[in-house]
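Below is one structure, written out as structure tokens; the observations come after it.
The values are calculated or read from the model by the stated rules, or taken from the named source; none is laboratory data. This one's a predicted model, so the numbers in the text were calculated from it and none came from an experiment. Neighbour counts run over all protein chains shown; Cβ positions are idealised from the backbone, glycine included.
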Amino acid sequence: MKKAIFLACGALLWAACSKNSNNSTSTTSVSNTSLAAQGDASADAMFNDVTANVMTAKVNGEALGSVDDTSSSFRQAIAKGQMAGVTTFGGGDTTKGTITISLTPETPGVWPKTLTINFGTGFTDLWGNTYSGSISMVFTGRLDTAGNSVTTTFNNYTVNSIGISGTHIITNTSASGTISYKVQIEDAKVTVGTNWVTWSATHTWTLTQGASTPRWPFDDVYSVTGSGGGITSTNFTWTSTIETPLTKAYVCPWFEAGTIKVVTNYGTGILDYGSGTCDNQATITVGDSTRTITLGR
């Protein structure tokens, strides 16, 4: 997870950072609807990272999630300890600070389990992102088993001084040989200073490639459907509905294909992720105006 996703005046807080009152009505509609689409995409990217962290959770050698991966900066940092207790980083390490990892109960095979990752007053990961506060994940059982779920909550949690709160729930909904997960984001809130955005969404992730290697995620590709929406501290509202299923490869930070209809109190736009290339570019079309946007990560 690179630092770009958490820039203080990024797309996710478009309403607090942009002023369009002097523009024409049509220009305002295009600009604000485009920014709403980019903000929705940034929120998706932010919580997709939470999804990946939950799905790869492993402590004391016991797999809690559904796949094995310590390739990302966040997961590498935690995996360096991989034991419940206090893990301190520094010296020759490229991470700095202390993470306290607790797992209750620690007895293997006993569920539910609560995994808490406490970053204290500041922990800097391999990419230079600084975390503080804590994340708690409650597992009803191993996430690779149908019917099991993980609920993630945030306690005074910040990344690069940006506050993140809300509830993130993943439920394994697999059936009849199809691997799928329901991902719910409830009352998510991102706060920068006095400005904030709240966002909720319900998405279904269905595995379309990679089922033959169940613990190896690097060949996994998901089809994502669902809807979401939110409101900002300046009373800017939007809803988003996936019209063409989104393609999400595990190894790509962004959606690679698919479309989302974004409806705001200024107008309606279509966010198009393209036709299958892993890049940070997408287009947003409002009426007869189309522009290219750069996605955060």
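Return the pair list, or none, for Cβ contacts closer than 6 Å from residues in region 49-73 that are part of a helix (DSSP H, G or I) and modelled with pLDDT of 75 or more to residues that are exposed (fewer than 15 other Cβ atoms within 10 Å of the Cβ) and basic (Lys, Arg), at least 6 apart or on different chains.
none
Look through region 194-204, keep the residues that are farther than 16 Å from residue 157 by Cβ and in contact (Cβ under 8 Å) with a residue 60 or more places away in the chain, and return whichever of them is surrounded by the fewest Cβ atoms within 10 Å (Cβ to Cβ).
Within region 194-204, the first condition is being farther than 16 Å from residue 157 by Cβ, and the residues that meet it are 194-195, 200-204.
Keeping just the survivors that are in contact (Cβ under 8 Å) with a residue 60 or more places away in the chain gives 195, 201.
Working: 195: 16, 201: 21.
For region 194-204, the residue satisfying everything is 195.
Of the conditions (1) assigned to a strand (DSSP E or B); (2) surrounded by fewer than 17 Cβ atoms within 10 Å (Cβ to Cβ), residue 211 fails just one. Which one is it?
The single condition residue 211 does not satisfy is (1).
Only one of (1) at pLDDT 95 or above; (2) buried (at least 17 other Cβ atoms within 10 Å of the Cβ) is not met by residue 232, so which one is it?
Unmet for residue 232, out of (1) at pLDDT 95 or above; (2) buried (at least 17 other Cβ atoms within 10 Å of the Cβ): (1).
Yes/no per residue for (1) surrounded by 16 or more Cβ atoms within 10 Å (Cβ to Cβ); (2) at pLDDT below 95; (3) in a loop (DSSP other than H, G, I, E, B); (4) in contact with a Gly (Cβ under 8 Å, 6 or more places away or on another chain):
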{"site": "152", "(1), (2), (3), (4)": "yes, yes, no, no"}
{"site": "155", "(1), (2), (3), (4)": "no, no, no, yes"}
{"site": "165", "(1), (2), (3), (4)": "yes, yes, no, no"}
{"site": "169", "(1), (2), (3), (4)": "yes, no, no, no"}
{"site": "188", "(1), (2), (3), (4)": "yes, yes, no, yes"}
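Any idea how many residues of region 102-150 are hydrophobic (A, V, I, L, M, F, W, C), within 21 Å of residue 188 (Cβ to Cβ) and assigned to a loop (DSSP other than H, G, I, E, B)? Can you show your working first?
Going residue by residue through region 102-150, those that are hydrophobic (A, V, I, L, M, F, W, C) are 103, 110-111, 115, 117, 119, 123, 126-127, 135, 137-139, 143, 146, 150.
Next cut, within 21 Å of residue 188 (Cβ to Cβ) only: 115, 117, 119, 135, 137-139, 143, 150.
Still in the running and assigned to a loop (DSSP other than H, G, I, E, B): 119, 143.
Number of matching residues: 2.
On the basis of being surrounded by fewer than 18 Cβ atoms within 10 Å (Cβ to Cβ), within 23 Å of residue 57 (Cβ to Cβ) and of a type in the set (D, E, K, R), does residue 288 make the cut? So that I can check it myself, show each step before the final result.
Working: surrounded by fewer than 18 Cβ atoms within 10 Å (Cβ to Cβ): yes; within 23 Å of residue 57 (Cβ to Cβ): no; of a type in the set (D, E, K, R): yes.
Spelling it out, it is not the case that residue 288 is surrounded by fewer than 18 Cβ atoms within 10 Å (Cβ to Cβ), within 23 Å of residue 57 (Cβ to Cβ) and of a type in the set (D, E, K, R).
Rundown of residues vs (1) on the phi > 0 side of the Ramachandran plot; (2) assigned to a strand (DSSP E or B), yes/no style:
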| residue | (1), (2) |
| --- | --- |
| 247 | no, yes |
| 252 | no, no |
| 260 | no, yes |
| 266 | no, no |
| 271 | no, yes |
| 274 | yes, yes |
| 279 | no, no |
| 282 | no, yes |
| 290 | no, yes |
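State which residue is surrounded by the fewest Cβ atoms within 10 Å (Cβ to Cβ) when the search covers only region 253-278 and only residues that are closer than 18 Å to residue 292 by Cβ and of a type in the set (A, V, I, L, M, F, W, C).
Ranking the candidates gives 278 first.
Among residues belonging to region 234-244 that are part of a strand (DSSP E or B) and touching a residue at least 24 places away in the same chain (Cβ under 8 Å), point out the one that is farthest from residue 210 (Cα to Cα). Step through it out loud before you land on a result.
Initially, region 234-244 is screened for residues part of a strand (DSSP E or B), giving 237-244.
Among the residues that remain, those that are also touching a residue at least 24 places away in the same chain (Cβ under 8 Å) are: 237-240, 242-243.
On the way: 237: 37, 238: 34, 239: 32, 240: 28, 242: 23, 243: 24 Å.
Result: 237.
Restricting the first residue to region 33-45 and requiring it to be among the hydroxyl-bearing types (Ser, Thr, Tyr), which pairs with a second residue that is part of a helix (DSSP H, G or I) and modelled with pLDDT under 75 meet a Cβ separation below 7 Å and a spacing of at least six or different chains?
Pairs found: 42/5; 42/11; 42/12.
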